[in-house]
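Values in this text are rule-based calculations from the coordinates and carry no lab data. Source: prediction; values computed, not measured. For neighbour counting, all protein chains shown are included, and Cβ atoms are generated from backbone atoms with ideal geometry for every residue, glycine included.
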Amino acid sequence: MIGTVLCYVLLPAARLLQALRDAFFTYRKNVLLAKSPSTQIEGVFAATRGRSVPEEQEALFQQWLEEGVGNLPASESVPTVRKVSLTLTSDWLEGSELLMTSLSDLNTSPEVTRCADQQHSELNALASSELRDHAVAELARLPSEETVTVAGSAPWTAVVPQTDHQTAGCAGINVEGLNDDPAVLAWSLACDAETVPPVLPAQPIQDAVPFYPVSTEVPYHEILWRDWEDLSVQPCVLEQVSKNTPLFEFRVMSYNILAQDLVEQGLDLYVHCHPDILNWNYRLPNLLQEIQHWDPDVLCLQEVQENHYWEQLEPTFKEMGFACFYKRRTGTKTDGCAVCYKHSRFQLISLSPIEYFRPGLDVLNRDNVGLVLLLQPVLPEGLGLKAVSPLCVANTHVLFNPRRGDIKLAQVALLLAEIDKIARTTEGSYYPVILCGDLNSVPDSPLYKFIRNGEISYHGMPAWKVSGQEDFSQQLHSRKLLAPLWPSSLGVTDKCQYVTLCQPKKPGRREYSRDFLLQFRFCDVACERPQQLVLLEGVTDAKPVASAREHSAVAAVLKRHNSLSFLGKQCSGVIQHGLNLTSVYSHFLPQRGRPEVTTMPMGLGATVDYIFYSAEPVENKAGRRLYKDGALKLLGRLSLLSEDVLLMANGLPNPFCSSDHLCLLASFGLEISSL
């Protein structure tokens, strides 16, 4: 069967101009996605695999410019009708069917053979006014919400790929497969006043069997559009500008790139994906292009497979100007975390990898890891005697298991203790901190609040509640957190600091409460008469006598105090830290009235990835700490998406976003001061 699709797409002039600005970026993406040397898109745009010759790219782009600009309307309010014909050949299954949402679609897809003469004859017949009139009559008799399909095949649409510099790693695919997913179907049948053409052409395939496209086609890049939010107009930043204080500006990206070994071990999580888009050779160019497009100065990656890092990622990142550091998970795990920074923007002061696994501790018996770096920003020449504070960057991937919140909390406490060690200044304050990672905890969960508000009261809390990923409240005999969460042998205090680094406020002096001291009134030391004590009858001659029971009680108190004295409030189930961290993202999209999501496991959106940064606390309201920017200022961020939007794109990963997580990107400014 030879499939030829012809559709008329209405493009407003504004959208066409936007497409013209970023045509080259979309073309590079289409080269990766088309995956077929014989796929041809005649008339408007072409994307071919294996023929990325610059002359061919230039010719196609010039052809697009000539036809597109020639069809521009006089007024932007009048849409332009443009004709696109899409010729499918025998290699079509390798490229276009990547958009199929289920493997069953492969069994019903049309078989395509190469026959240029027959293709041109079908094109002429399809363009005839008689068939077009017949299509309009047939389409008018169809129900408004009925999907029209070709016998023996899935519904198809052909769209004109547009481009968008905001969606790195995303571009238009010209043949899109739909399934019975209500969200996908609803998106396909949605009406848009700007893009609905007055007349819809029919598409005869195989002996004049009519095929009718849906009324509206929205490219993936429009669905996955991510705006850059400029936050430099905030009062604190404007105040800094008004003082003519320069800022050292840089970008930070956090990205869980989905280790290939984890894909192959959990294929049941990706049944919505065509196998081809899960292939590492397909995903790697997408991921690298996305990173290169956004051009971060600091890159924090999670789920980085070890062999891919050493053989492919690190060499590529070094060519891009990055210095790279990697920490593989302990045990038999093959992935880990990586932190990369542009050596032209930063210099390394110190590096501290963290292993959360501690033998013999049930609360720290998993193989997760982290990295903490202290970086010195490199100021451009010509600034004179200027200085900028060092920057502490931390990256981690916390345990996933929703039932083991106790392990998650202990892992985060260890990470904060390491940050406290690396970022603390000689005066006792902290350098600016940026904490990135996949924390496998949702916003406003107890673990999230602990990081942001600096305190958590965990004693008696169900372990599943710590991360808030799932609700196991109906489960009987669920695990609960008990104080102390970890033993004193770990060497970490209730304030998430290493014991060896903690100095008492007044060296040589200790403070005890009266009630505590009264417990020792019958101890042996208290019952001994000092030799220098003057004997006064009735005053200093009395010797207290304690019962055996009182002696044993005192001994027990002494033993308990010696083992837990440094844990302080942890005996009551309270853990604190003093880093003053707040989130780059608000976790809510006010324009859509929906929460942000960073991942979509099994079709359910959730936020588990974060970028926290140092700020100055202002006040506490109802247990929530409010912040304002300090020396480290948030200048901008790449917006996230909502669950319903990702459902339209068939979830994650998809042909455009090659991980099951979205990347997080933020722009910061560090104050530059005079020496």
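Each Lys or Arg adds one and each Asp or Glu takes one away; over the other residues whose Cβ falls under 11 Å from the Cβ of residue 439, this sums to -1. A simple charge model with +1 on the Cβ of Lys and Arg, -1 on the Cβ of Asp and Glu and nothing else charged puts the dipole of the range 296-451 at about 240 debye relative to its Cα centre.
Annotation: amide H of residue 346 within the under-5 Å range of 378, sequence separation 5 or more or interchain, hydrogens built in the peptide plane. Shape class of the range 274-374 from the alpha-carbon gyration tensor: oblate, with a/c at 1.5 or above and b/c at least as large as a/b.
Note that the range 249-256 has calculated 3J(HN,Hα) couplings of 9, 7, 10, 10, 10, 10, 8, 8 Hz, one per residue in order, obtained from phi through the Karplus relation 6.51 cos²θ - 1.76 cosθ + 1.60 (θ = phi - 60°); glycine and proline are x. Residues whose amide H falls under 5 Å from that of residue 636, counting only those 5 or more places apart or on a different chain, are 231, 667, with hydrogens built in the peptide plane.
For residue 469, the residues whose modelled amide H falls within less than 5 Å of its own, excluding neighbours fewer than 5 places apart on the same chain, are 442. The value of relative contact order for the range 319-427, using C-alpha pairs under 8 Å at least six residues apart, is 23 percent. Distances longer than 21 Å among the Cα atoms of the range 430-503: what percent of all pairs is that? Within the range 430-503, distances greater than 21 Å cover 40 percent of Cα pairs. Here is the size of the range 320-388 from its Cα atoms: Rg then Dmax, 16.8, 55 Å.
Computed about the Cα centre, the dipole magnitude for the range 286-341 is approximately 300 debye when only Lys and Arg (+1) and Asp and Glu (-1) carry charge, each at its Cβ.
Pairs spanning more than 26 Å between alpha-carbon atoms, out of 421/449; 333/449; 342/421; 327/628: 333/449; 327/628. Measuring r between the beta carbons of residue 295 and residue 473 and using R0 = 45 Å, the FRET efficiency lands at 0.50.
Annotation for residue 618 and residue 379: the two label points, set 7 Å from Cα along the Cα-Cβ direction, are 3.0 nm apart.
Measuring against 31 Å, Cα to Cα, the residue pairs 386/621; 318/386; 318/495 contain 386/621; 318/495 as the ones spanning a longer distance.
I'd like the distance separating the alpha-carbon centroids of the range 643-661 and the range 373-423, in whole Å. Between the Cα centre of the range 643-661 and that of the range 373-423, the gap is 29 Å. The HN-Hα couplings worked out from phi for the range 598-608 by the Karplus form 6.51 cos²θ - 1.76 cosθ + 1.60 (θ = phi - 60°) are 10, 8, 8, x, 6, x, 10, x, 7, 9, 10 Hz, whole numbers, x standing for Gly and Pro. Once you put a point 7 Å from the Cα of residue 244 and another 7 Å from the Cα of residue 574, both along the Cβ direction, what distance in nm separates them? Calculated label separation equals 4.8 nm. Each peptide in 603-612, 266-275, 378-387, 493-502 receives the mean, over its residues, of other Cβ atoms within 10 Å, and ordering these scores from highest gives 603-612, 493-502, 266-275, 378-387.
Estimated from the Cβ-Cβ distance and a Förster radius of 30 angstrom, the FRET efficiency linking residue 350 and residue 520 is about 0.10. Computed from label points 7 Å out along Cα-Cβ, the spacing between residue 532 and residue 588 is 6.7 nm. Using θ = phi - 60° in the Karplus curve 6.51 cos²θ - 1.76 cosθ + 1.60, the 3J(HN,Hα) couplings for the range 319-335 round to 5, 7, x, 9, 9, 10, 9, 9, 9, 7, 4, 6, x, 9, 5, 10, 10 Hz; x is entered for Gly and Pro.
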